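Below: one structure, written as structure tokens.
The values are calculated or read from the model by the stated rules, or taken from the named source; none is laboratory data. Since we're looking at a predicted model, the values are computed, not measured. When we count neighbours, we look across all protein chains shown, and the Cβ atoms used for this are built from the backbone with ideal geometry, even at glycine. In case anyone asks, the SASA skips ligands and DNA or RNA and just uses the protein heavy atoms, side chains included. Shrake-Rupley method; radii C 1.70, N 1.55, O 1.52, S 1.80 Å.
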Amino acid sequence: MTAAAHVTAEIASQPACWARAAELAATVGHDLPQPGERVAVVGCGTSFYMARAYAALRERAGQGETDAYAASEAALGRPYDRVVALTRSGTTTEVLVLLAEVSGRIPALVLTGVPGGPVADHADALVDLSFADERSVVQTRFATTALQLLRAGLGFDLAASIADGELSVEEPLPRLWLDRSQFTFLGRGWTVGLADEAALKLREAARAWTESYAAMEYRHGPISISDEHSLVWSFGEPPAGLEDEVSFTGALFSADLLDPVASLVRAQRLAVELAARRGMNPDRPRNLSRSVILTGAAA
């Protein structure tokens, strides 16, 4: 097995996974958050960033108050009608502890890649995303598939996103991106979570110098880091005038018309290509494991 073979194949499979998620959403809709419910969405790492994206989308769609939390920091003493937990492995300590704490008090929906794992003991409803589970430590298709299923549950038609995803998988990345040594990702609304995830992917896979911000916040200090060695990447339409301001720093600016989740696929591919240039294997990144299991944390 060559370096990055797993994550490369998993990235390429995402459009097909999203199509399955769209079909699945139609059959599990009764388990997903219903309009008007007050919902807390939780996860860790990549799953937390997907939770943030979904929470912003759901509120923007007028379907109810939705908060996103890192599982270790969730404030679930507030009145929620449902907790939604995203966990690829179903074994992450913080998620298991949180769900045990709310058991019998707040109904919990779990989206997981391992439906037979420990998390099933704490789920009132469970969505099986094992078709999007991964062998690579670096998480790609599970996270985007979970988000796409939740988007479909909000009534979004994923057809255009899937088509854009196919383009993101097939089209070569601009060579100029790979010559950069500093990367800043920007988002607005629900795409702030995607910007955070893009930055995480480059850090995990390639140990790259990456940052992420809400697009307007980037102007309030972080723009000072950008120079001719930087790539500044906007997920979704950037604020008016931002491209000119970035260009003035000497940085390369990128924004496209693709669905933002499809754009995230391009960021995943960039992470893998940068890792290859640096002799790293994102299937087994330094200091990381597939699931964070903390001995004694439950006690």
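Listed values, structure above:
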quantity	calculated
Residues satisfying the stated conditions in the stretch 147-157, i.e. closer than 18 Å to Arg266 by Cα and either charged (D, E, K, R) or in contact with a Ser or Thr (Cβ under 8 Å, 6 or more places away or on another chain) (or both)	Gln148
Selection count where residues are within 15 Å of Val232 (Cβ to Cβ) and open to solvent by less than 40 Å² (accessible area, probe 1.4 Å), scope the stretch 181-191	7
Subset of the stretch 36-67 [surrounded by fewer than 24 Cβ atoms within 10 Å (Cβ to Cβ) and small (Gly, Ala, Ser)]	Gly36, Gly45, Ala55, Ala56, Ala61, Gly62, Gly64
Members of the stretch 226-235 that are in contact with a Ser or Thr (Cβ under 7 Å, 6 or more places away or on another chain) and either open to solvent by 20 Å² or more (accessible area, probe 1.4 Å) or over 23 Å from Ala262 (Cα atoms) (or both)	Ser226, Asp227, His229
Test result for Glu197, farther than 17 Å from Ala271 by Cβ and touching a helix residue (DSSP H, G or I) at 6+ places or on another chain (Cβ under 8 Å)	no
The one condition in (1) farther than 18 Å from Arg141 by Cα; (2) among the polar types (S, T, N, Q); (3) modelled with pLDDT of 95 or more that Asn287 fails to fulfil	(3)
Residues of the stretch 200-225 satisfying the condition of being closer than 20 Å to Leu147 by Cα, free of Cβ contacts under 8 Å to residues at least 40 places away in the same chain and crowded, with 23+ Cβ neighbours inside 10 Å	Ser212
Verdict on Ala16 being at pLDDT below 95 and either assigned to a strand (DSSP E or B) or of a type in the set (A, V, I, L, M) (or both)	no
Some residue of the stretch 98-107 being in a loop (DSSP other than H, G, I, E, B), open to solvent by less than 10 Å² (accessible area, probe 1.4 Å) and touching a strand residue (DSSP E or B) at 6+ places or on another chain (Cβ under 7 Å)	yes
Subset of the stretch 121-153 [open to solvent by 40 Å² or more (accessible area, probe 1.4 Å) and aliphatic (A, V, I, L, M)]	Leu126
